[in-house]
1. Gaussian network model of chain B, Cα springs within a sub-10 Å range: biggest mean-square fluctuation belongs to which of B:80, B:97, B:134?
2. Using a 10 angstrom cutoff on alpha carbons, build the Gaussian network for chain A and name the most mobile of A:123, A:147, A:160.
3. Sort out for me the Cα centre separation of the stretch B:326-359 from the stretch A:82-145, rounded to whole Å.
4. Of all DSSP beta bridges in the stretch B:258-363, what percent run antiparallel (nearest 5)?
5. Set the Förster radius R0 to 60 Å, insert the Cβ-Cβ distance between residue B:197 and residue A:100 as r into 1/(1 + (r/R0)^6), and round the FRET efficiency to 0.05.
6. Counting each DSSP H run of 4 or more residues in the protein assembly as shown as -39500 (n - 2.57), what helix-only mean residue ellipticity at 222 nm follows after dividing by all residues, to the nearest 500 deg cm²/dmol?
7. Find the Cα radius of gyration of the protein assembly as shown, compare it with 2.2 N^0.38 Å by division, and give the number to two decimals.
8. What is the pair-distance distribution P(r) of the stretch A:9-60, computed from all Cα-Cα distances in 5 Å bins starting at 0, with each bin given as a whole percent?
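We did not get these values from a lab; they are worked out from the coordinates using the rules stated. Given the structure is predicted, the values throughout are model-derived calculations rather than measurements. Counting neighbours? That spans all protein chains shown, and the Cβs are built from the backbone with ideal geometry, glycine included.
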Amino acid sequence: MRHEVRFSGFGGQGIILSAVILGRAAALYDDKHVVQTQVYGPEARGGASMSAVIIDDEPILYPKVRDPDTYVIMSQQGFEKYGSNPRKDAVMLLDSDLVHDRPSCPWVGIAATGVAKKELGREIVANIIMLGALSSATPVISGKALEKAILDSVPKGTEELNLKAMKRGQELGSAGGSS
Amino acid sequence: MQGNIASAEGALAAGCTFFGGYPITPSTEVAEHMAARMPKIKGSCFIQMEDEIASMAAIIGAAWTGARSMTATSGPGFSLMMENIGYAVMTETPCVLVNIQRGGPSTGQPTMGAQGDMMQVRFGSHGDYSIIALCPSSVQECFDLTAKAFNLADRFRTPVFLMADEVIGHMREKLEIPDSVEIVRPKTLPEGMLPFTPGPDGVPGFAPFGTGRYTHVTGLTHDERGYPDTTNPARHDALVRRLVSKIEDARHEIADYTIVNEDAEYVFVCYGAPVRTVKEVVDKRKVPKTGYLQLRIVWPFPEELLKRFPKCRAFIVPEMNLGMIVREVGRHVKIPVIPVSRIGGELHTPEDLIEAVKIAESTT
């Protein structure tokens, strides 16, 4: 099964890291072929950021995502630039606190930034909440593989916080999200 | 793993013990990774230099102590290295430069991919010379070709270039790191032989400083002792012709390539990131009558390989520049050669190349 996943948001949210974690989970722990790419500007923070992952059972030749079946969108600008024209059967996870528009395809709203701030005390883990939701709301990645890849990727001392964020995301994702 | 980091790991696997560099997007991860790894490896040295001119000077100096030395850069940094690249050529200093190509000219597009330095790497420093340039198209090739670059640098006593691009350098995919890589060090200078007396292959043995031999190193035209001799036309002629021919004469022997569908009528000649699109079109979508020649060593250009496609009606050359290697292909064949130029930072799509095949069909 092939999946093309596109992440978008603004610089500083961990958009590229999200794709790296997803790619690592699929490549190392779900034993798939994976290519991860990104588009970013020279700004350190705040510019529109996009990253993408292709997951396939076969070797991946053309490396760029062109027709995503899955989206994770974390800003209004990211939605406008990279999420406004999805194919009909795509699934879009969006941060319902930061994205105001809604797509024409099926979507799941996850209040990731709000939950990260209010429940977990750290806005910075909003991307991990989105990844958690991705693992429960879509068939893209298994929860087990994701957990291992998160532990591989986050700084020492933040494992517990990040796993909490992942689990909260999985709950929100399997509940079908909110509007 | 990312292409840039795979390149750094390839260098370490090949025994690189000196890195002198100055960070610049999109090559920064190479220096960053070396800075993290090298202090933990005994006998290794990482120096962040004050700029790219000094970086190039530093790796030349390190090479003359016998170390395998490397730098990495992009865009304007590569331009700054040009003078000392010529110095490395003239002094026959083995060293490796990684250039993660980005959009130019000038500061251009720091975070976007390009292949606009393919002529600069060949001709960018002043005077006549030749170099070796390798082009990876995957994370695995970033590792493998960087390791290989050190062997070529040592064997031919020349700067060798890993001409990657942002697309490949910043892409992440699976990498298999072998238990060991082949390491071929330079020929040592035989007893009684002068330090710039060439062997039968045109390459002199190497006696780095500290190995008990007297060696004079200069960028001036020099005799076999290494002493300046700048007004003797025959001396200069012989020296520079040897610097060129030691590499050009080996071009078919060192060629590193993949050929698919020798019977193809429309043949892509490709290197670097566009190889991925070509493979999608030929290997996966199996567009009829197409084949390809992937070059992992672009310079010296192995023109004999173009004859391996006897039924070819047109060559198609996709590049992330306005047409560089397409001219090199064109000067060796009598059939149409069609450029597919794409600049701006995005890789060719499969549709771009399928369209080019249609154009080729309609014009031949």
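1. Comparing B:80, B:97, B:134 in the GNM, the peak value goes to B:80.
2. A:160
3. If we compute the Cα centre of each part, the gap is 40 Å.
4. Of all bridge pairs located within the stretch B:258-363, approximately 20 percent are antiparallel.
5. 0.20
6. Rounded to the nearest 500, it is -10000 deg cm²/dmol.
7. Its radius of gyration relative to the 2.2 N^0.38 Å reference: 1.05.
8. 5, 23, 26, 17, 13, 10, 5, 1
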